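Q: If you scroll down you'll find the structure; I have some questions about it.
The values are calculated or read from the model by the stated rules, or taken from the named source; none is laboratory data. This structure is a prediction, so every number in the text was calculated from the model and none was measured. Please note: Cβ atoms are built from the backbone with ideal geometry, for glycine as well, and neighbour counts cover all protein chains shown. Note: areas computed on protein heavy atoms with side chains; ligands, DNA, RNA excluded. Shrake-Rupley method; radii C 1.70, N 1.55, O 1.52, S 1.80 Å.
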Amino acid sequence: MEILDILIIGGGPIGLNCALEAQKNNLTYLIIEKGTIVNSLYHYPLYMRFFSTAEKLEIGGIPFISPAPKPGRQEALEYYQGIARQKEINIRLYERVLKVFKTGNIFDIETSKAVYKAKNVIISTGFYDIPNLMDIPGENLPKVKHYYTEPYPYAQQKMVVVGSSNSAVDAALETYRKGADVTMIVRHSEISKNVKYWVKPDIENRIAEGSIKAYFNSEIVEITENTVIFKDENGQINEIENDFVLALTGYLPDFDFLRNSGIELQGDCLNPLYHAETMETNVPNLYLAGVVCGGKDTHLWFIENSRIHAEMIVGNVVKKEQRA
């Protein structure tokens with residue numbers, strides 16, 4: 001069996017960038033991706049626009065040309081999937097990594113389809129797979145959605161949107177404008193300061209005029225077939241009629257997978273242990289790249305500030321090879 005120089009888990013923008021860096025240094029590599037290329041971006045809301053400009057989303061020195069000041073989901077898909085085609089990235093799609101374990105100096109990577117061997121492994125799996133659950137009765141009802149794609153299914157429906165991040169605010173505004181009766185339930189005292197600066201005044205004005213109802217310092221305690229029950233800022237229990245709940249309360253990395261791979265997780269945020277200059281974890285030759293590095297703090301790393309991880313990791317791999 002071929003022993004790869006690098007096996008990359010996750011075919012998102014940062015995983016692709018790691019592959020480009022491996023190509024540049026003539027290293028053998030393979031990406032294993034559980035879905036399609038840039039799978040997380042594919043599952044973003046259809047009309048989402050990035051906070052960043054196109055040049056900050058570029059990888060491998062390949063220009064990202066966008067006619068709009070802020071590129072959208074479709075442009076990003078075209079860009080990243082185009083790179084995979086143009087650069088003939090070595091990637092296996094719709095194949096899930098089940099286990100990473102080390103025998104001596106070689107990793108065995110067990111997937112849903114095969115077993116691979118590699119000298120080095122990069123985990124670049126993002127955080128979009130596991131919803132941050134509310135853990136309340138009724139959360140498993142079919143009307144409760146943890147992912148939002150487009151507003152049309154919610155026209156003329158009584159909607160509850162949970163959260164106040166970018167995804168929650170976009171969903172509230174878009175469904176409202178397609179005729180939904182929208183209520184926001186927000187645990188904090190205001191709309192998140194991280195909301196895109198051109199969107200934040202829009203949601204605040206809709207709330208101020210009463211077009212979108214919002215309960216701050218509040219939280220849902222139960223979801224039923226036809227209602228939502230929540231506790232407001234005064235501690236009172238309220239029950240409102242409801243057709244759909246969009247529980248956009250954030251997402252988490254697969255901590256069990258990280259632990260099972262031997263990576264130490266620290267503190268309340270479960271921050272994975274890694275060296276800041278090389279991205280190497282406590283397991284020698286096992287690296288982290290991208291947003292997975294932030295643990296529960298998923299606002300710490302983005303495409304634009306974690307692109308450098310590829311060069312840091314591959315540079316460290318090359319140095320080790322030269323010393324060997």
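Q: List every residue whose amide H lies under 5 Å from the amide H of THR227, counting only residues 5 or more places away in sequence or on a different chain, with H placed 1.01 Å from N in the peptide plane.
A: The list, which skips near neighbours in sequence, is ASN242.
Q: Mind running the shape call on the stretch 190-281? Use the C-alpha gyration tensor, a ≥ b ≥ c as the square roots of the eigenvalues: rounded below 1.5 for a/c, prolate if a/b tops b/c, oblate otherwise. Write down the numbers at each step before the final one.
A: Numbers: a/c = 3.04, a/b = 1.81, b/c = 1.67.
It is prolate, given that a/c is not under 1.5 and a/b is the larger ratio.
Q: Which value in nm describes the separation of the simple spin-label points at GLU277 and LYS178, placed 7 Å from the Cα toward the beta carbon?
A: With each label placed 7 Å out from Cα toward Cβ, I get 5.1 nm.
Q: Two decimals, Cα atoms only, Kirkwood Rh: what is Rg/Rh over the stretch 1-127?
A: That ratio is 1.01, to two decimals.
Q: If you build a Gaussian network model of the chain, linking Cα atoms that sit under 10 Å apart, which residue out of SER189, SER306, SER52 swings the most?
A: Checking each option, the largest mean-square fluctuation is seen for SER189.
Q: Further question: Counting only heavy atoms of protein chains, what accessible area per residue, in Å², does the chain have with a probe of 1.4 Å?
A: The answer is 48 Å² per residue.
Q: Still on this structure, please answer the following. What whole number of Å gives the distance from the Cα centroid of the stretch 98-129 to the Cα centroid of the stretch 209-260?
A: Cα centroid of the stretch 209-260 versus Cα centroid of the stretch 98-129: 36 Å apart.
Q: Considering the zone a paramagnetic label at GLU88 would reach in this model (a point 7 Å from Cα along the Cα-to-Cβ line), which residues of the stretch 10-34 have amide N under 19 Å from it?
A: 16-32
Q: Only Cα pairs within less than 10 Å get springs; with that Gaussian network setup on the chain, which residue of ASP170, ASP202, ASP181 has the largest fluctuation?
A: ASP202
Q: Looking at the square roots a ≥ b ≥ c of the eigenvalues of the Cα gyration tensor of the stretch 124-198, which shape do they give, rounded for a/c under 1.5, prolate if a/b is larger than b/c, or oblate?
A: Values: a/c = 1.39, a/b = 1.09, b/c = 1.28.
Rounded, because the longest to shortest axis ratio a/c is under 1.5.
Q: Here is a further query. Summing -39500 (n - 2.57) over the DSSP H runs of n ≥ 4 in the chain and dividing by its residue number, what mean residue ellipticity at 222 nm do you reach, to the nearest 500 deg cm²/dmol?
A: -7000 deg cm²/dmol
Q: Further question on the same structure: If you count only protein heavy atoms and use a 1.4 Å probe, how large is the accessible surface of THR125, to the nearest 10 Å²?
A: Looks like 50 Å² after rounding.
Q: In the chain, carbon and sulfur make up what percent of the accessible area (probe 1.4 Å)?
A: That fraction is 49 percent.
Q: Separate question: Of the residues TYR94, TYR80, TYR128, which exhibits the maximal mean-square fluctuation in a Gaussian network model of the chain defined by a 10 Å Cα contact cut-off?
A: Ranking TYR94, TYR80, TYR128 by mean-square fluctuation puts TYR94 first.
Q: Same structure again: With N denoting the number of residues in the stretch 152-234, provide Rg(C-alpha) divided by 2.2 N^0.38 Å, to two decimal places.
A: Output field value: 1.03.
Q: Scan the stretch 152-248 for chymotrypsin sites (Phe, Trp or Tyr not before Pro) in coil per DSSP, keeping those whose Cβ has at most 15 other Cβ atoms within 10 Å, and list them by number.
A: Those that pass, being in a loop and sparsely packed, are TYR197, TRP198.
Q: Can you list the HN-Hα couplings for the stretch 150-158, worked out from phi with the Karplus curve (6.51, -1.76, 1.60; θ = phi - 60°), rounded to whole Hz and with x for Gly and Pro?
A: Values, residue by residue: 7, x, 4, x, 9, 4, 6, 10, 7 Hz.
Q: In this model, which of LYS99/LYS296; LYS56/LYS143; LYS70/LYS145; LYS113/LYS158; LYS70/LYS119 are farther than 32 Å apart at the alpha-carbon? Present the calculation step by step, with values, prior to reporting the outcome.
A: On the way: LYS99/LYS296 22 Å; LYS56/LYS143 37 Å; LYS70/LYS145 27 Å; LYS113/LYS158 43 Å; LYS70/LYS119 39 Å.
From the list (LYS99/LYS296; LYS56/LYS143; LYS70/LYS145; LYS113/LYS158; LYS70/LYS119), the Cα-Cα distance tops 32 Å for LYS56/LYS143; LYS113/LYS158; LYS70/LYS119.
Q: Could I ask something else about it? Heavy atoms only, probe 1.4 angstrom, no DNA, RNA or ligands counted: give me GLU225, GLU264, GLU95 ranked by accessible area, highest first. Please report the intermediate quantities before stating the final value.
A: Numbers: GLU225 125, GLU264 95, GLU95 10 Å².
Of GLU225, GLU264, GLU95, the descending order of accessible area is GLU225, GLU264, GLU95.
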